[in-house]
Ligand SMILES: N[C@@H](CCC(=O)N[C@@H](CS)C(=O)NCC(=O)O)C(=O)O
């Protein structure tokens with residue numbers, strides 16, 4: 001399998017899951033700063049994903065799978081013995097999907113206005129206030145658990161990836177000590193270290 005990724009982007013989530021799953025994979029970097037986006041081998045990325053964004057997973061049969069929440073569940077289902085996602089059809093699986101959708105729509109996309117250079121400080125502060133209210137909720141829900149579902153799952157790979165962006169945006173998370181401890185716990189996992197190193201990132 002091949003993952004099209006951009007360093008520290010949301011594609012870090014399936015990258016972590018590939019490493020956690022112990023699957024063999026190749027990586028191809030996409031330059032999102034260049035328009036049109038190109039891959040490191042010089043291919044116009046819109047030919048691979050006309051939606052123009054990472055992540056894209058190329059399967060061994062050549063099929064392309066997009067959308068992070070679909071990719072991480074596909075990967076988890078390749079290695080059921082690793083318990084990266086609860087079994088399909090169980091309520092626990094819907095709980096995972098409840099988390100994945102929350103992370104995608106409330107956290108991942110909640111960061112959008114903070115990245116946009118045309119937005120004023122007021123717009124960015126308002127976006128951060130909204131995100132902070134979502135973070136308050138998730139921290140309460142995490143409670144004293146080590147991971148969102150109790151045991152590590154693909155939802156932790158995704159949440160870790162998105163919340164890592166706070167440091168690049170100089171929005172400290174230290175007002176939520178429980179969250180900082182959770183992020184440190186995820187960061188310490190060998191597969192997370194591996195994926196970050198492969199993207200040239202430091203913790
Ligand atoms: N709906 C997509 C969104 C993916 C997405 O937002 N990717 C960003 C990086 S985190 C991207 O590649 N942006 C580049 C662009 O839109 O041109 C998913 O959840 O996989």
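Read the figures in this text as sums done on the coordinates, not as results from a lab. Computed from a predicted model, the values in this text were never measured in an experiment. So basically every Cβ, Gly included, is an ideal-geometry build from the backbone, and we count neighbours across all protein chains shown.
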Calculated log₁₀ intensity ratio I(q)/I(0) where the Debye formula runs over C-alpha points of region 91-189, q = 0.25 Å⁻¹: -1.50
Two-site label geometry, residue 23 and residue 169: point separation in nm, points 7 Å out along Cα→Cβ: 2.9
Pull out a ≥ b ≥ c, the square roots of the eigenvalues of the alpha-carbon gyration tensor of the chain, then state rounded if a/c is under 1.5, prolate if not and a/b is larger than b/c, and oblate in the remaining case. oblate
Mind checking the log10 I(q)/I(0) for region 117-167 at q = 0.18, 0.19, 0.31 Å⁻¹? Debye, one equal scatterer per Cα, no solvent, two decimals. -0.68, -0.74, -1.21
Residue 60 to residue 38: FRET efficiency via 1/(1 + (r/R0)^6), r the Cβ-Cβ distance, R0 22 Å, to the nearest 0.05? 0.35
Size-normalised alpha-carbon gyration radius of region 3-99, reference 2.2 N^0.38 Å: 1.13
For region 60-134, alpha-carbon Rg over 2.2 N^0.38 Å: 1.46
Could you line up 90, 161, 39 from fewest to most neighbouring Cβ atoms inside 10 Å? 90, 39, 161
Counting only helical runs of four or more DSSP H residues, what would the 222 nm mean residue ellipticity of the chain come to if each run contributes -39,500 (n - 2.57) and the total is spread over all its residues? -13500 deg cm²/dmol
Here region 6-48 gives, from Cα atoms, an Rg and Dmax in Å of 11.6, 34
